[in-house]
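Trainee: The structure's right below; bear with me while I get my questions together.
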Amino acid sequence: MIASADFNITQVERSKLHSLSLENIPFGKYFTDHMLEADYENGEWKNVEIKPYQPLVLSPSLAALHYGQAIFEGVKAYKNTKGEARLFRPADNFKRFNISAERMEMPKITEEIFIEGMKQLVKLDANWIPDKHDHSLYIRPLMFASDEMIGVKPSGKYKFLIMLSPTGPYYSAPMRIYVEEKYVRAVEGGVGYAKNAGNYGAAMYPSAEAKRKGYDQVLWMDAKEHKYVQECGTMNIFFIIGNKALTPGLDSGTILDGVTRDSVIQLLKEKNFMVEERNISIDELVAAYKEEKLLEVFGTGTAATISKIKELKYKDFIMEFDVERWKIAPEIKKRMSAIKEGREDDKYNWLVKV
Ligand code: COI
C-alpha cells in the first residue's frame, strides 16, 4: 500500500502497457492499469481507493441492473508538447455528472473524488496517454445504484468508478446519416439532458436499424412533431449556413449540454461566426441545401471530437456534401487539437494539470 495525501492507492506490480501498442487503438477496448472506486452508503461517500483495474463482484439483485439508475461521463486527457498530462475541462463534466445524478435521484459526487481522484488516477497512468496526434486517454467516470434488492425505489447505496482507456479517433471517416422520423431519443420533461445509461441503451435499436439500411448513425428529431433536429447518434450537431453556425438550443431539456459543443461554439465565435442556438427544422435545412447555402454539417462530442457528415438522408431526399472542400470543421478541429495538445495558447483555460 502506498500512502497518498487523499486516497488509498494500491499500485500494480507490473504495468500491462508493455504488451500493448498505443498505435491505432480502437475506442474503448483497452483499459489502463488502475481504476478509482468509491462507495456511497448512509448518506456519505467512503472507501475511496485507487487500485489495479479489476472486475467487480455484483449481486444479481443489483438495483442498477433492474431499474437503470446509472450515469456516466466522458472526459479526455492529452499530453502537451512537454509530455505533461492535462485534463480537458473536467469541471464541466463534474457539473454535468451531478446534474445527471439529480435527474436520476442519485447522490451528488464530491469535487474531491471526481476531480482530485481523476487527477491522481491519470497521474498514475500517465504513460498510457498516447503521444500521437488526435489520440488521448478517454476517462470514463460512472455511478450506479448498488442496493441488492429489487423493490422499485431509489437505491440507498451507490458505487462510483473512474476507468481510463487510451484511444484514437472515434468516427474516423465522414459519416452517412439517416434522419430518424419514427424513433425518438428524448422527450420534453424526460432525461435527454442527462447522461444516463438508458439514453444510450434505447438508441441501440434505431441505430442498428440505420446501420442495416447502410447508414452510420441517425439524426434524432424532436418527439412531438418529428420536425426539429436534436442530436446525431451520440453527438451534438452543427450546421454551417452561410456565415452562421446553427446548433439545437438546450432549453427543451432534450439535448445534452456537450462540453465539446460549448468549446466549438467558443471557437466559432473566435472566427467571427454568428452562432445561433435554437430550434432548427429539417425543412429549413433542406431549403438551405437546395439554395446551396448549407455548407457543412458536423457532429461534436468528447469521444468523437468533431466528425464530418457527408450525407443526410431525409425521406427520399439525399443531401450530399463534398467534405474534402470544407474549411470550417477542419479549422475548428485543428485549433481545438492544437489547444488540447499544447501547441497553441490555452486562452480559455480549458486544460487542467494533473
Ligand atoms: C462521449 O463523447 O463521451 C460519449 O458519451 C459518447 C459515447 C462514447 C457514449
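Trainee: For segment 130-148, which positions are open to solvent by 10 Å² or more (accessible area, probe 1.4 Å), touching a helix residue (DSSP H, G or I) at 6+ places or on another chain (Cβ under 9 Å) and more than 16 Å from the ligand (Cβ to nearest atom)?
Mentor: His133, Ser146, Asp147, Glu148, listed by residue number.
Trainee: Among the strands (runs of 3 or more DSSP E) confined wholly to segment 1-112, which include 1 or more residues that are modelled with pLDDT of 95 or more, among the aliphatic types (A, V, I, L, M) and within 16 Å of the ligand (Cβ to nearest atom)?
Mentor: 70-72, 75-79, 85-88
Trainee: Follow-up question, since we're still on this one. Name the single residue that is least open to solvent (accessible area, probe 1.4 Å) among those in segment 157-180 being not small (Gly, Ala, Ser) and not in a strand (DSSP E or B).
Mentor: Glu180
Trainee: Among the numbered criteria (1) farther than 30 Å from Gly189 by Cα; (2) open to solvent by less than 10 Å² (accessible area, probe 1.4 Å); (3) out of contact with any Ser or Thr (no Cβ under 7 Å at 6 or more places or on another chain), which single criterion is violated by Ile255?
Mentor: Going through the list (1) farther than 30 Å from Gly189 by Cα; (2) open to solvent by less than 10 Å² (accessible area, probe 1.4 Å); (3) out of contact with any Ser or Thr (no Cβ under 7 Å at 6 or more places or on another chain), Ile255 breaks only (1).
Trainee: Quickly run through segment 333-343 and pick out the residues that are touching a Ser or Thr at 6+ places or on another chain (Cβ under 9 Å) and either farther than 19 Å from Gly83 by Cα or surrounded by fewer than 17 Cβ atoms within 10 Å (Cβ to Cβ) (or both). Working first, answer last.
Mentor: Here is the first cut: in segment 333-343, the residues touching a Ser or Thr at 6+ places or on another chain (Cβ under 9 Å) are 333, 336-337, 339-343.
Matches in segment 333-343: Lys333, Arg343.
Trainee: Please determine whether any residue of segment 149-156 is closer than 30 Å to Glu324 by Cβ and either touching a residue at least 40 places away in the same chain (Cβ under 8 Å) or surrounded by fewer than 18 Cβ atoms within 10 Å (Cβ to Cβ) (or both).
Mentor: Taking every residue of segment 149-156 in turn, none turns out to be closer than 30 Å to Glu324 by Cβ and either touching a residue at least 40 places away in the same chain (Cβ under 8 Å) or surrounded by fewer than 18 Cβ atoms within 10 Å (Cβ to Cβ) (or both).
Residue by residue, here is whether (1) in contact with a Lys or Arg (Cβ under 8 Å, 6 or more places away or on another chain); (2) not aliphatic (A, V, I, L, M) holds:
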| site | (1), (2) |
| --- | --- |
| Lys16 | no, yes |
| Glu23 | yes, yes |
| Lys29 | no, yes |
| Asn42 | no, yes |
| Asn47 | no, yes |
| Pro55 | no, yes |
| Ala64 | no, no |
| Lys79 | yes, yes |
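Trainee: Among the residues of segment 257-272, is there at least one that is at pLDDT below 95, of a type outside the set (Lys, Arg) and farther than 16 Å from Cys232 by Cβ?
Mentor: Scanning segment 257-272 turns up at least one residue that is at pLDDT below 95, of a type outside the set (Lys, Arg) and farther than 16 Å from Cys232 by Cβ.
The values are calculated or read from the model by the stated rules, or taken from the named source; none is laboratory data. Everything numeric here is computed off the predicted structure, so don't read it as measured data. FYI the Cβ positions are ideal-geometry reconstructions off the backbone, even for glycines, and counts take in every protein chain you see. Note: accessible area is taken over every heavy atom of the protein model, side chains too, but ligands, DNA and RNA are not part of it. Shrake-Rupley method; radii C 1.70, N 1.55, O 1.52, S 1.80 Å.
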